[in-house]
Structure formats: structure tokens, C-alpha cells
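> One structure is given below, represented as C-alpha cells, and several questions about it will come after.
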Amino acid sequence: MSVVPTGRDGLLAGIAAVRPGPGGVHLTQLCRQIRSGLGVARVRLVLSDGREFAWPAEPSPHRPRWTALTAGREKVGEIGVEQGYLPFGRRRRRLLSEVAGLLGPLLRGAQLQSEIDRSLESARGHAERVAAVRRRAFGERDAERRQIERDLHDGAQHHLVALGMTLGLLELHAANDDVPGQRKQLLRLRNGLDRAENALFITATGGSPLLQDAGVQPALLAEFRDAGSQVRFDVSEWDAARRYEALVELAVYFICLEAVNNARKHAPEAQVTVRLSDSPAGLTFSVTDTGPGADPRHLHEGSSGMANMRRRMVAAGGRLQVRSAPGAGTTVLGFIPF
């Protein structure tokens, strides 16, 4: 309200022109307008919800003259005018009555608008909470999908690759009519299928039965029992009877599995040594191969397996290092503090 009307017609026209909208009516400014139009010392508006507005803000020594404000039969508040030292004659009393007649519906409309604003704000808040829940649900589902993808890569994929190699050897023995060789590869194929099935079980349930029942050492020994002397285990400083949190055991199991299979794939003739040890400070494990090694600057390029290993280690609260150099083999070293 940038223009303050004066006189009876200006005052009533100004009040009638007020329209409640988003944000409500500026009732303090309205008090100022009414005070100017009535020519009184001070105007106060007290709403039915207890809120009070006045102009001027400072109290005066004069007693207010109160008039009820109604909309239909519903009381929506009161207007109090403090007339000052001038008499409050018939003309001003009639004007006050007309003002009150306009203010009742106006304030009721303002209350309804305020309720609508609150309802809209509540609806917006609810919609935002629903959207946040949906985003979180989609994020969790995507995280689960990525976890399944990592589990398949770390577990079942290695076994499926090994099965393909075994089938290739079986075809070669069959082409050469090498019956003993065929029997050997069939046995390896049967064992490989069992391990692939176990790896899929791990992906579906979060852990192999052997890992869940007996721990890391027996589960890893079972994984590489067909590797012969190529994969050796050093568990001289490992307490096989001691168990750890499922998240920790899964991290050690999958990282060792990934590291050993990487070594066998990239250095098929290399010796691989898996070391497990625990101490009061924490759990340490390593996978070392005697392969050709690699330039450390290019070791992680395009390696999703390495990224998966690091994610598992971070989730378990540990640290992972990969040491390699041309001609010096590769070592994957992990430490999980207690």
C-alpha cells in the first residue's frame, strides 16, 4: 500500500481494495491507514488467534475503544481505537462501524489465505520428503546393483573364465585322443562348476557357506586347491580359530581371490604366495607373485578389479597398497586395524 488514502471515501475504498494473497495482508500498514483515515491517536488489531498489530507501535496513555470484527456469525478479531484528546463524535463512530464491517471479511479472507499458505507449504515439504526418499531409494538400489556387479567380477567371473580355459584344454585332449588328459580336465571342469556355483551363492547371499562357517583361511584354501604348488599359503602367524566381522572377512576373501586370479591370468607360470597374519594391532594379508611386474605408473589404468579391491578395503576400514616394478613381481598388501 504505497498510497495512504484520506477521508471517508478514500479510507473505505482503500480497505475494500485490499486482497489477501500469498504472504497475507500487511496488517500493521492497514492499522496505519485506518489511524490516518479516522484521525485517532492509535489503532490496534487483535485477531482471534491472539496475534496483535498496531500503529504506531508505541503504546499511548489513552484507553482503546473496542469493536468486534465478524465475518458472518464468526468473530475474527477486534479493532481498538485510541481517540486521543479529541472527542470521538457520531461521524467517526459511524466510520469506525463501516471500517469494522469491511475488516471482518477481509481478515477472515486473510486467515483462510494463511491456512492455504500453510497447507501449500506442508504439501511442498511432503513432496520434497517424498522426492528425497525416492532419490535415496534409487541411490541404494543403484549401490546394490554396483555391489552385485563387483561381486560377480570378483567371484563368479574368474571361475567362468577358468571353466572356459578348461573346456579349451578338454577339446585339445579330445582332438588328440588323450583319454587320461580328458579325464583330468573333466575332473577340473566338475570342480570348477562347483566353485562357480559357490561364487554365485556368495553373490546372492553375501558370503560362501565355508567362509561363513569356517572363516577366511579354509575358504581361500578351498578356492585354490586345484592350483597345486603354484599358489602357496603362509598362515604361520594366523589364528585360524579367530573370527572377524563379516564385512572384514568378505573384504579379505574377495581381495585375495582377485589378486591371486589376476596373477594367474597375467603371469600363468609365476609362483603366488598368500600370507595371512593377525596381531593385537590388526589383520594383515598379502598376495605376492614372481611374475614380470609392471610400471607402477600404469598399474591401475583401466583396472575395475583394482577399484573394487579399494572399495572393499575402504568399507572394511583398512588400507590397501599395490607394489610392483618391472622384473620384480607384484604384491597386494592390506591392513585392517582393530
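The values are calculated or read from the model by the stated rules, or taken from the named source; none is laboratory data. Being a predicted model, the structure only gives us computed values, none of them experimental. FYI the Cβ positions are ideal-geometry reconstructions off the backbone, even for glycines, and counts take in every protein chain you see.
> Here is a check on your reading of the model: is A316 among the aliphatic types (A, V, I, L, M), surrounded by 14 or more Cβ atoms within 10 Å (Cβ to Cβ) and modelled with pLDDT of 85 or more?
So A316 passes the test.
> Does segment 166-178 contain at least one residue that is under 26 Å from E269 (Cβ atoms), more than 42 Å from the chain's Cα centre (by Cα) and at pLDDT below 80?
Checking segment 166-178: at least one residue is under 26 Å from E269 (Cβ atoms), more than 42 Å from the chain's Cα centre (by Cα) and at pLDDT below 80.
> Does R312 satisfy the condition of being among the charged types (D, E, K, R), in contact (Cβ under 8 Å) with a residue 40 or more places away in the chain and part of a strand (DSSP E or B)?
Here the answer is no, as R312 does not meet what is asked.
> Same structure, new question: Determine whether D278 is in a strand (DSSP E or B), among the acidic types (D, E) and surrounded by 14 or more Cβ atoms within 10 Å (Cβ to Cβ).
For D278, the condition - in a strand (DSSP E or B), among the acidic types (D, E) and surrounded by 14 or more Cβ atoms within 10 Å (Cβ to Cβ) - is met.
> If you go through segment 46-55 one residue at a time, do you hit one that is within 18 Å of L96 (Cβ to Cβ), modelled with pLDDT of 85 or more, touching an Asp or Glu at 6+ places or on another chain (Cβ under 7 Å) and assigned to a loop (DSSP other than H, G, I, E, B)?
no
> Report, by residue number, each residue of segment 224-260 that is of a type in the set (D, E, K, R) and in a helix (DSSP H, G or I).
Those that are of a type in the set (D, E, K, R) and in a helix (DSSP H, G or I): R225, D226, E249, E258.
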